Amino acid sequence: MHDDILNYAKRLKLSWIPQHYQEIEAQSQQEFLLKLVEAEVTQREEKKLNQLLKQSTLPTVSGESFLWDDIQLPSGITKDFLLQGDFLKRRL
């Protein structure tokens, strides 16, 4: 059964689920599935963010993460909008 999960996860391009699905604790199948999918999405978003930060050529400060607390964004622009980087595609 574990091999089947690994094969399907590979076909679906799921990276977190096949290695961590046994760690999920839930009271129902629905809760299990929800937690599983949430964790996969969170992992993908973190991976995407790290990839975008590497591509951004922002200066790196070792051991410190970027703090958004003091950043003032113009109205209509959100943190998610900037992190997704979709505005870059429109300017090319």
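Numerical summary
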item	result
Over the chain, equivalent-ellipsoid semi-axes from the Cα gyration tensor in Å	33, 16, 15
Solvent exposure ordering (accessible area, 1.4 Å, most first) of 78, 57	57, 78
Exposed GluC sites (Glu not before Pro) absent - longest run of the chain, DSSP non-H/G/I/E/B, at most 14 other C-beta within 10 Å	26-63
Per-pair calculated FRET efficiency, R0 = 25 Å: residue 48 and residue 22 via Cβ, rounded to 0.05	0.50
Spacing of the two label points (7 Å from each Cα toward its C-beta) at residue 70 and residue 56, in nm	1.6
Surface accessible to a 1.4 Å probe, residue 24 within the full protein complex, Å²	40
Sites matching trypsin sites (Lys or Arg not before Pro) across the stretch 7-42 that sit in DSSP coil, with at most 12 neighbouring C-beta atoms within 10 Å	13
Neighbour-limited loop hits for chymotrypsin sites (Phe, Trp or Tyr not before Pro), the stretch 10-66 (at most 16 other Cβ within 10 Å; DSSP other than H, G, I, E, B)	66
Contact order normalised by residue count of the chain, Cα under 8 Å, 6+ apart, percent	18
Listed residues 22, 51, 43, most fluctuating in the chain (Gaussian network, C-alpha, under 10 Å)	22
Choice from 18, 74, 59 with maximal GNM fluctuation in the chain (Cα, 10 Å cutoff)	74
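The values are calculated or read from the model by the stated rules, or taken from the named source; none is laboratory data. Everything quoted here is computed from the prediction, not taken from an experiment. In this analysis, Cβ positions are derived from the backbone assuming ideal geometry, glycine residues included, and neighbour counts consider all displayed protein chains. Side chains included, ligands, DNA and RNA excluded: accessible areas come from the protein's heavy atoms. Shrake-Rupley method; radii C 1.70, N 1.55, O 1.52, S 1.80 Å.
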